[in-house]
1. What are the pairs with Cβ atoms under 6 angstrom where one residue, in segment 68-96, is part of a helix (DSSP H, G or I) and the other, located anywhere, is surrounded by fewer than 16 Cβ atoms within 10 Å (Cβ to Cβ) and at pLDDT 80 or above? Sequence gap at least six, or different chains.
2. What are the residues in segment 203-243 that are under 15 Å from the mean Cα position of the chain (by Cα), at pLDDT 85 or above and of a type in the set (Gly, Ala, Ser), if any?
3. Would you check which residues across segment 174-194 are assigned to a loop (DSSP other than H, G, I, E, B) and within 17 Å of Glu245 (Cα to Cα) and list them?
4. One residue is enough: does segment 52-66 have a residue meeting the conditions touching a strand residue (DSSP E or B) at 6+ places or on another chain (Cβ under 9 Å) and either in the same structural domain as Lys157 (by TED's automatic domain parsing) or modelled with pLDDT of 70 or more (or both)?
5. Take the conditions surrounded by 19 or more Cβ atoms within 10 Å (Cβ to Cβ), modelled with pLDDT of 65 or more and farther than 30 Å from Phe144 by Cβ and apply them to Leu30. Does it pass?
6. Taking Leu116, is it assigned by TED's automatic domain parsing to the domain that holds Thr148, at pLDDT 70 or above and part of a helix (DSSP H, G or I)?
7. Does Ala45 fit the bill of being among the hydrophobic types (A, V, I, L, M, F, W, C) and at pLDDT 85 or above?
Amino acid sequence: MIKLSAGAVLLTTPAGTQEPLNLDGLSDKLWQCCKQAKLDDPELADNLISTVRQFLELRVSEGAHLTQRDVDDLIVRALTDLGVRAVAVEYASGMDLPTPGVGQEIVPTAEAVAELLRDDLFFLHRPIDAISEATLTRISSIGFERVTPAFVLELAKCVCLHEERQKRQEPARYWLLHRSEMPPLIPSEHLPLISGGISLRSVSLIFPNVVIDVDIPRFAHGDEVLGTELAFLPAFHELCMALSEVAVSVYRAVKKRSGDLQLCTVGASIHFVNTRAHATEGLALSPRDLVLFLNELEAIASRCLPNVHCLFE
């Protein structure tokens, strides 16, 4: 599925008009909240924003009319369910929203955790008592006295994932596959891409999604041959073919790392950033030619990456 990110998620303003969701501004706000809550994970904010964007695009495709308040409420709920209520409180405070309540939180006891697990089909035919005990140990090590049911279930799935891979118990980590582990997975002939404007994001346990960022100006930088539209399009085709192999390699590693548990559907997406800037500045295209150029890029990506969600920014 190919979409231009500009305008992909439109919010309804109080005046009844529509304006695009500012994902960069939203990411900055969320990152500041993480810092204020003493949660210094540099990729957590980007990962949450990516999840929010996918959810909102789905809602918009279903005909929903969303406001900025809808987006803010979604972020607060997601942060609370993920067990990072401190970040949710900081975000709600900065957006003049009510402080997230704790009414839906539970005291993590063996009986309460086991009851939650019995109601989830994921744990059918699995040793619920043992998983409950291990989950309680993790919660205790984190120091949470109250937790949300959603957090308990996700943490229990992480516990199950580690135990079924027969690894020693350790505090559940956020990343299923960190980007530092990815270079050995990439075909050797494509490794130069990583230093040429292409970067891979870490894949989280809770929201597994293979994401590749491609900085189009950096990809074309220093190559005079790519200074014309006719020369750039064949080079872009070769790039997409290489990205297809890279995405498949990382995707297979993620599926293998997660085992057969199917913790969540694993997706794949590629973000082609600064595409418009390169077209207007690097290739000097007119507004009319820009539209035709982007259509050509969409067509190429659609042929080379049929099962990957592509965004042109």
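The values are calculated or read from the model by the stated rules, or taken from the named source; none is laboratory data. As the structure is a computational prediction, the values presented were derived from the model and not from experiment. Cβ coordinates were reconstructed from backbone atoms using ideal geometry, including for glycine residues, and neighbour counts include every protein chain displayed.
1. Between residues of segment 68-96 that are part of a helix (DSSP H, G or I) and residues that are surrounded by fewer than 16 Cβ atoms within 10 Å (Cβ to Cβ) and at pLDDT 80 or above, the close pairs are Glu90/Gln36.
2. none
3. Met182, Ile186, Pro187
4. yes
5. No: the conditions fail for Leu30.
6. For Leu116, the condition - assigned by TED's automatic domain parsing to the domain that holds Thr148, at pLDDT 70 or above and part of a helix (DSSP H, G or I) - is met.
7. In short, no.
Every residue, every condition in (1) within 17 Å of the chain's Cα centre (by Cα); (2) more than 30 Å from Thr135 (Cα to Cα); (3) at pLDDT below 80, yes or no:
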residue: Leu177; (1), (2), (3): yes, no, no
residue: Ile186; (1), (2), (3): no, yes, no
residue: Leu193; (1), (2), (3): no, yes, yes
residue: Arg201; (1), (2), (3): yes, no, no
